[in-house]
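Colleague: This is the structure I want to talk about, given as structure tokens.
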Amino acid sequence: MRNFAVRQIDHVELYVPDRAQAADWYDRVLGLKRFGKAATWADNPHGPLMISPDAGRTMVALFTGPPQGNSEAVGLCRLAFRVDAAGFLEFARSGVVEVEIKDHGMAISAYFTDPWGTPLEVTTYDAENVRVELGRP
């Protein structure tokens, strides 16, 4: 397999009680849009409703089922989204969700959960500009 390498992450699967409600929340909070080319998959009650921040290059597949909720994560434990400094500052200051900001040196992240308990993160590698704007050394 000398020449084999994946090109990117295609999608991550999340279980939620109501796919349409979750798609609306992810659109409102993170700007993830329903991916129209995969809309017929959502017609099947067991199929995914696909949402994406970048017109389908990367996606989140919402399936109907028990969400993580308050149970301890096993396996995949957090879904992180990358933004630039301006996007990070807009999100962190929006108040749309309560976030915990952590400075990791080369990156700064805002941690929060969706309404169903899924751990989420918005992160930027433009940490210097964010520190200046937030007034942090």
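Quick note: the coordinates plus some simple rules give every number you see, no bench work behind them. Quantities reported herein were computed from a predicted structural model and do not represent experimental measurements. No Cβ is skipped: glycine too gets one built from the backbone with ideal geometry, and neighbour counts run over all protein chains shown.
Colleague: I'd like to know which of 101, 124, 38 lies farthest towards the positive end of the charge dipole of the chain, counting +1 on Cβ of Lys and Arg and -1 on Cβ of Asp and Glu.
Modeller: Farthest towards the positive pole: 38.
Colleague: For residue 57, put the label point 7 Å out on the Cα→Cβ axis and report which residues of segment 78-121 keep their amide N under 18 Å from it.
Modeller: 80-88
Colleague: I'd like the orientation of helix 19-30 relative to the chain: the angle between its Cα long axis and the longest Cα principal axis, in ° from 0 to 90, rounded to 10.
Modeller: That works out to roughly 20 degrees.
Colleague: Show that you can apply the helix-only estimate: for the chain, add -39,500 (n - 2.57) for every DSSP H stretch of four or more residues, divide by all residues, and state [θ] at 222 nm to the nearest 500.
Modeller: That calculation yields -7000 deg cm²/dmol at 222 nm.
Colleague: Using per-residue counts of other Cβ atoms within 10 Å, averaged over each peptide, order 20-27, 101-108 from highest down.
Modeller: With the highest mean Cβ count within 10 Å placed first, the list reads 20-27, 101-108.
Colleague: Lys and Arg at +1, Asp and Glu at -1: add these up for the other residues within a Cβ distance under 11 Å of residue 53 and post the number.
Modeller: So the surrounding residues net to +1.
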